[in-house]
Amino acid sequence: FGATGGCGCHTVPKQPVNAGGRKYDGPFGTVYSSNITPDPKTGIGSWTEQQFIDTMRTGRHQGRGRQLLPPMPWPAFGQMEDADLKAMFAYLKSVPKVRNKVPEPVMP
C-alpha cells in the first residue's frame, strides 16, 4: 500500500484517511477522489475483490459505471500482479469505514 503512495490522493488534508473528496482541477474538469474506505454506502464496502481488480485493470469504476478520471493512474495499477491488488484490497477493507459522499465530477 505504501509503495503506491499510500493513496494519499484519496485523502483531504486533515480529514479522515482515504475518505475521498480531494479536489483536482485540470483540463479534464474538476474531479474529486473517491472514498476508498470500506463504507458500504459511500466507499468500496460493498465491492468484491474481483470488482476492485477489474476497476484497476480496466479503468472503469465498478460502483459508478464510468471511466476513472485523471489524475487516477489506473494504467499503472493495472500492471500490478493479482496478488498485490488482492493485498491492497484486503488492506483497504481493514481500515475504518468513513461515510463521505464525494461530489460528482464537473466536466468542461
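The values are calculated or read from the model by the stated rules, or taken from the named source; none is laboratory data. As the structure is a prediction and not an experimental result, all values here were calculated from the model. As a convention, Cβ positions derive from the backbone with ideal geometry for all residues, glycine included, and neighbour counts pool all protein chains shown. Only protein heavy atoms, including side chains, enter the accessible area calculation; ligands, DNA and RNA are left aside. Shrake-Rupley method; radii C 1.70, N 1.55, O 1.52, S 1.80 Å.
Pairing each residue of region 20-31 that is closer than 12 Å to Glu104 by Cβ with any residue that is of a type in the set (A, V, I, L, M) and open to solvent by 50 Å² or more (accessible area, probe 1.4 Å), provided the two are 6+ apart or on different chains, yields C-beta distances under 6 Å for Gly29/Val106; Gly29/Met107; Thr30/Val106. So is Asp39 touching a residue at least 12 places away in the same chain (Cβ under 8 Å), at negative phi, acidic (Asp, Glu) and not in a helix (DSSP H, G or I) or not? Answer is yes for this residue. Annotation: of all residues in region 65-99 being among the hydrophobic types (A, V, I, L, M, F, W, C) and assigned to a loop (DSSP other than H, G, I, E, B), the one that is farthest from Gly8 (Cα to Cα) is Met80. Screening region 13-35 for residues that are open to solvent by less than 20 Å² (accessible area, probe 1.4 Å) and of a type in the set (A, V, I, L, M, F, W, C) and picking the one that is nearest to Ser94 (Cα to Cα) gives Ala19.
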